[in-house]
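Following: one structure in structure tokens, then a few remarks.
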Amino acid sequence: MAVNIGSFNKRITFLQYVNTTNDEGFEIDGWTPVVTVWSAVKTLQGREYIAAATIQAERTTRFIIRYSKRMKTLLNNKMRVKYDGREFEIESIINDNEASVTFTIIAKEVDVK
């Protein structure tokens, strides 16, 4: 998949869920930023469905980032992507054409309003 370098014009941040202890000894759980990179962003699908007697929305988005050895070791499906104030659960991470040029991350938006 050839992507124009100008398409990498959106900043995304990868988040990792961590459990830490604060200065007062209390455990804190939450999503912590790991790395911010440039990305091409493409909406793949949006749909609405009925669950628990309310209308639910689901959005699937494709994030394309440049390949690097650092990102290869860092990325995993337990992470989230933060983009434009929204968070996305990662469903898959693909080394496009096994060419080690770009990664495609398929993710579903969390808490769609």
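What follows draws every value from the coordinates through simple rules; no lab data is involved. Quick caveat, the model's predicted, so the values are computed rather than measured. Heads up, the Cβs are rebuilt from the backbone with ideal geometry, glycines too, and the neighbour counts pull from every protein chain shown.
Structural remarks
- Burial order of peptide ranges 17-29, 87-99 (average beta-carbon count within 10 Å, highest first): 87-99, 17-29
- At an R0 of 30 angstrom, the distance between the Cβ atoms of residue 42 and residue 76 translates into a FRET efficiency of 0.90.
- Per residue, the convex hull spanned by the Cα atoms of the stretch 67-106 measures out at 74 cubic angstrom.
- Remark on residue 87: its backbone amide H falls under 5 Å from those of 110, a criterion applied only to residues 5 or more positions apart or on other chains, H modelled at 1.01 Å from N.
- A simple spin-label model places the labels of residue 10 and residue 31 1.4 nm from each other, with each point 7 Å out along Cα-to-Cβ.
- Here residue 92 and residue 20 are evaluated by their C-beta separation; at R0 = 35 Å the FRET efficiency comes out at 0.80.
- The stretch 7-109: relative contact order as a whole-number percent, Cα under 8 Å and 6+ apart: 25 percent
- Phi angles of the stretch 74-87 translate, via the Karplus equation with coefficients 6.51, -1.76, 1.60 and θ = phi - 60°, into HN-Hα couplings of 7, 5, 7, 6, 8, 8, 10, 10, 10, 9, 6, x, 10, 10 Hz per residue; Gly and Pro are given as x.
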